[in-house]
Amino acid sequence: MTNPSYKEEYEDYSRLKLRRFMQNKEITFITGNQNKADYLAKYLGVPVKHIKLDLDEIQSLDLEEIVRHKVRQAYEKIKSPVIVEDVSLEFEALGGLPGPFIRFFVEKMPFENICSLVDGKTRKATARCVYGYYDGENLKLFEGELGGEVSKVPAGDNGYGWDRIFIPEGYSVTRAELNEEDYQKTYLQIKPLAELKEFLTS
């Protein structure tokens, strides 16, 4: 039997520290999406309590402002530390729209129509995600982003949401067409999970 390496010992210590922190603080991830909750738990390496809450959606293109509002409101509802998340897909040609409203576009419009919004214009786009943490005193925001462009037509069968129309920087296909390795790589560029984990274990 080999002795554990320093890296393994450090990872075990960090995981134990994070588990104790999550338990002591009783942190709740606010989401009704089981897949998101499972992925966060897998990335952190500890169980994550999660619940769905109906929160007000303020009308803003500022993703940080939206998350700041949501995380404070979520805390007021359950009176214990919370983590919330929101995402946006910003089209340069449309001055940042759809931005945080992209989910409404996806729900109400065919993907072909969303792609055609920037026909004849620059197709540059930015995928952005902000996590917010609030415990009644400390409010922290963590932001990730990935540049790319809007595809001319939707393509691919993997992923979810707007993955079928977003081509990440460095690729020639949409996220929905990527293999598992590249899909996860781009996921972690958009989602600031490393920063969130560092904060929770610091």
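We did not get these values from a lab; they are worked out from the coordinates using the rules stated. These numbers come from a predicted model, not from an experiment. Glycine gets a Cβ as well: all are built from the backbone with ideal geometry, and neighbour counts include every protein chain shown.
Quick notes on this one:
- Couplings 3J(HN,Hα) of region 92-100, computed from phi: 4, 5, 10, x, x, 6, x, x, x Hz, in residue order, whole Hz [Karplus 6.51 cos²θ - 1.76 cosθ + 1.60, θ = phi - 60°; x for Gly and Pro].
- Using all pairs of distinct alpha-carbon atoms, the Kirkwood hydrodynamic radius of the chain works out to 18.2 angstrom.
- Summing Lys and Arg as +1 and Asp and Glu as -1 over all other residues whose Cβ lies under 15 Å from the Cβ of V153 gives a net charge of -2.
- A simple rule links phi to the HN-Hα coupling: the Karplus curve 6.51 cos²θ - 1.76 cosθ + 1.60 with θ = phi - 60°, which for region 175-180 gives 4, 5, 9, 6, 6, 4 Hz, with x for Gly and Pro.
- Evaluating 6.51 cos²θ - 1.76 cosθ + 1.60 at θ = phi - 60° for every residue in region 52-63, the Karplus couplings come out as 9, 10, 8, 10, 5, 9, 6, 8, 8, 8, 8, 4 Hz, glycine and proline recorded as x.
- Cross-link pairs K108/K152; K152/K185; K42/K191 - those with Cα-Cα distance over 21 Å: K152/K185
- Residues of region 39-65 with amide N under 14 Å of a point placed 7 Å along Cα→Cβ from E195: 63-65
- Which of G156, Q184, F142, positive extreme of dipole for region 137-202 (C-beta unit charges): G156
- With helices as the sole contributors, the chain gives -12000 deg cm²/dmol at 222 nm; each DSSP H run of n ≥ 4 counts as -39500 (n - 2.57), and the sum is divided by every residue.
- Normalised contact order of the chain, rounded percent, pairs of Cα under 8 Å and 6 or more residues apart: 16
- Taking amide H as placed 1.01 Å from N in the peptide plane, L97 has its amide H under 5 Å from the amide H of F91, each at least 5 places away in sequence or on another chain.
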